[in-house]
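K.L.:
Handing you this structure, nothing more for now.
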Amino acid sequence: MPDRTRHEDIERSLAQTLAEYSIELSVQRWTSEQTAIVDVCRHGFETAYRMAWLPHVTLSELARIDQQDHTHRLLVTGPRITSRTAEALVAADIDYIDYAGNVRLDFGPVLIDVRRRSGPTTVSSHRAAEANLFSGRRMQVLFVLLTWPNSAQMPVRRIAEAAGTSVGITQSTLEIMKDSDYLIGRSLHRRDELIDLWAAAFRGALLPKIRNLSFRGNIDRWSAPAGHLVSGESSVEIIRHPQTLTIYAENFDLTEALHNRWQKSDDPNIEIRQKFWEAPVWATPSDGRSIFVRSAAPPLLVYADLLASKEPRQSEVARSLRKDHLV
């Protein structure tokens, strides 16, 4: 099996296992056939591990893994970790995950210690599935599916590339959506309900992860350079004199702020956020775009940013967008 396919299978299996605990595991990069640098996150608390995947988790097999990298704590994963091996790993302060749902994760305020499971874990609770669906990275997957509904018909890797997420997180998101009847076959269902839930969760779940820089300055004559998209009140033409500016960019050049004499501020009217998505090649234009400025972000993001502002005028415009089916 090619490494890429094998790595995708590992990511899917780990994501499915961790969904029960509302844990996200995202691979930064595979450093060898069996090791990778991964991010593990639960309820906004995140850490990086050096993950070692072993088909048979034993201390002797673990000793064969290159131990030269000491920049990250070690996380051992595999199909099955026996109770005896788990105890030895805990004694050595090594965290672990297996496909049966045996998990030891200890970082920040997070401590999960589940042992002696013998069967595969599943996300069986409808309530838990829905709650877990609106975590930060899964919201990125939902964003792609809601913005370009035909994305649901695409291969998992293509959806992951558009959402800026790992294959494992993308796959587990799709599975949770199927369990919750948001995805039937390869078709998106209950889209209006998903939009409302996504927008409501945006401020607390996704926004903190993508907020980069804050400034105060004059925005009257600013125009978006290539690669920059505008959201919030500055992206809707019916708001004549916007007071705030929200910019999404993959790489924001600070010379742009210097050129416009923007100053870093704790009381900003300008926010720079990470553009986390990549418009897929199968994207089709949305209806009603004439109400938005030329450089506007996708309507779903504009809608969520307007609601997140907590400003009555912007909230009213947001409600109008929904009423007129522009989101």
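The values are calculated or read from the model by the stated rules, or taken from the named source; none is laboratory data. Everything numeric in this text was worked out from a predicted model, so none of it was measured. Here Cβ is always computed from backbone atoms with ideal geometry, including for glycine, and neighbour counts include all displayed protein chains.
K.L.:
Condition first: in contact with a Leu (Cβ under 7 Å, 6 or more places away or on another chain) and small (Gly, Ala, Ser). Now tell me which residues in region 138-167 satisfy that.
P.N.:
Of everything in region 138-167, those that are in contact with a Leu (Cβ under 7 Å, 6 or more places away or on another chain) and small (Gly, Ala, Ser) turn out to be 151, 152.
K.L.:
Oh, and also: Quick one: residue 206 ticks every box in (1) out of contact with any Gly (no Cβ under 7 Å at 6 or more places or on another chain); (2) in contact (Cβ under 8 Å) with a residue 40 or more places away in the chain; (3) of a type in the set (A, V, I, L, M, F, W, C); (4) within 17 Å of residue 271 (Cβ to Cβ) except a single one, so which number is it?
P.N.:
The one condition residue 206 does not meet is (1).
K.L.:
On the basis of being at negative phi, outside any loop (DSSP other than H, G, I, E, B) and of a type in the set (Lys, Arg), does residue 221 make the cut? Working first, answer last.
P.N.:
On the way: at negative phi: yes; outside any loop (DSSP other than H, G, I, E, B): no; of a type in the set (Lys, Arg): yes.
Judged against the criteria, residue 221 is not a match.
K.L.:
Still on this structure: Residues of region 184-196 being in a helix (DSSP H, G or I) and not β-branched (Val, Ile, Thr), which ones?
P.N.:
Of everything in region 184-196, those that are in a helix (DSSP H, G or I) and not β-branched (Val, Ile, Thr) turn out to be 191, 192, 193, 194, 196.
K.L.:
Here is a follow-up. Evaluate region 251-269: report whether one residue or more is of a type in the set (D, E, K, R) and within 25 Å of residue 321 (Cα to Cα). Give the steps one after another, and end with the answer.
P.N.:
Filtering region 251-269 for residues of a type in the set (D, E, K, R) gives 253, 256, 261, 264, 266-267.
Adding the requirement that they be within 25 Å of residue 321 (Cα to Cα) leaves none.
No, because not a single residue in region 251-269 is of a type in the set (D, E, K, R) and within 25 Å of residue 321 (Cα to Cα).
K.L.:
Another question, then. Among the residues of region 272-280, are any touching a Lys or Arg at 6+ places or on another chain (Cβ under 8 Å), outside the structural domain of residue 155 (by TED's automatic domain parsing), modelled with pLDDT under 90 and farther than 30 Å from residue 160 by Cβ?
P.N.:
Among the residues of region 272-280, not one is touching a Lys or Arg at 6+ places or on another chain (Cβ under 8 Å), outside the structural domain of residue 155 (by TED's automatic domain parsing), modelled with pLDDT under 90 and farther than 30 Å from residue 160 by Cβ, which makes the answer no.
K.L.:
Shifting gears a bit: Would you confirm whether any residue within region 102-111 is within 21 Å of residue 10 (Cα to Cα), out of contact with any strand residue (DSSP E or B) (no Cβ under 9 Å at 6 or more places or on another chain) and either touching a residue at least 60 places away in the same chain (Cβ under 8 Å) or β-branched (Val, Ile, Thr) (or both)?
P.N.:
Within region 102-111, not a single residue is within 21 Å of residue 10 (Cα to Cα), out of contact with any strand residue (DSSP E or B) (no Cβ under 9 Å at 6 or more places or on another chain) and either touching a residue at least 60 places away in the same chain (Cβ under 8 Å) or β-branched (Val, Ile, Thr) (or both).
K.L.:
Another question about this same structure. Considering only residues that are in contact with a His (Cβ under 9 Å, 6 or more places away or on another chain) and at pLDDT 90 or above, look in region 178-219 and name the one that is surrounded by the fewest Cβ atoms within 10 Å (Cβ to Cβ).
P.N.:
Filtering first and then ranking leaves 183.
K.L.:
Can you tell me which residue is farthest from the chain's Cα centre (by Cα) among those in region 251-269 that are surrounded by 12 or more Cβ atoms within 10 Å (Cβ to Cβ) and assigned to a loop (DSSP other than H, G, I, E, B)?
P.N.:
Looking at the filtered set, the residue picked out is 260.
Rundown of residues vs (1) within 25 Å of the chain's Cα centre (by Cα); (2) part of a helix (DSSP H, G or I), yes/no style:
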| position | (1), (2) |
| --- | --- |
| 27 | yes, no |
| 32 | yes, no |
| 40 | yes, no |
| 47 | yes, no |
| 60 | no, yes |
| 70 | no, no |
| 80 | no, no |
| 84 | no, yes |
| 105 | yes, no |
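K.L.:
Sticking with this structure for a sec: Can you confirm whether region 60-67 contains a residue that is modelled with pLDDT under 85, at positive phi and either touching a Leu at 6+ places or on another chain (Cβ under 7 Å) or not assigned by TED's automatic domain parsing to the domain that holds residue 302 (or both)?
P.N.:
no
K.L.:
Which numbered condition trips up residue 181, out of (1) more than 12 Å from the chain's Cα centre (by Cα); (2) closer than 30 Å to residue 99 by Cα; (3) in a helix (DSSP H, G or I)?
P.N.:
Condition not satisfied by residue 181: (3).
Matching residues to (1) under 16 Å from residue 279 (Cα atoms); (2) out of contact with any helix residue (DSSP H, G or I) (no Cβ under 7 Å at 6 or more places or on another chain):
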position	(1), (2)
142	yes, no
150	yes, yes
171	no, no
203	no, no
208	no, yes
228	yes, yes
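K.L.:
If we scan region 36-50, do we find a residue that is among the aromatic types (Phe, Trp, Tyr) and over 13 Å from residue 166 (Cβ atoms)?
P.N.:
Yes; the residues of region 36-50 include at least one that is among the aromatic types (Phe, Trp, Tyr) and over 13 Å from residue 166 (Cβ atoms).
K.L.:
Would you confirm, using the coordinates I've provided, whether residue 234 is small (Gly, Ala, Ser), closer than 24 Å to residue 307 by Cβ and in the same structural domain as residue 307 (by TED's automatic domain parsing)?
P.N.:
yes
K.L.:
If you take the residues in region 38-73 that are buried (at least 17 other Cβ atoms within 10 Å of the Cβ) and touching a Phe, Trp or Tyr at 6+ places or on another chain (Cβ under 8 Å), which one is farthest from residue 135 (Cα to Cα)?
P.N.:
57
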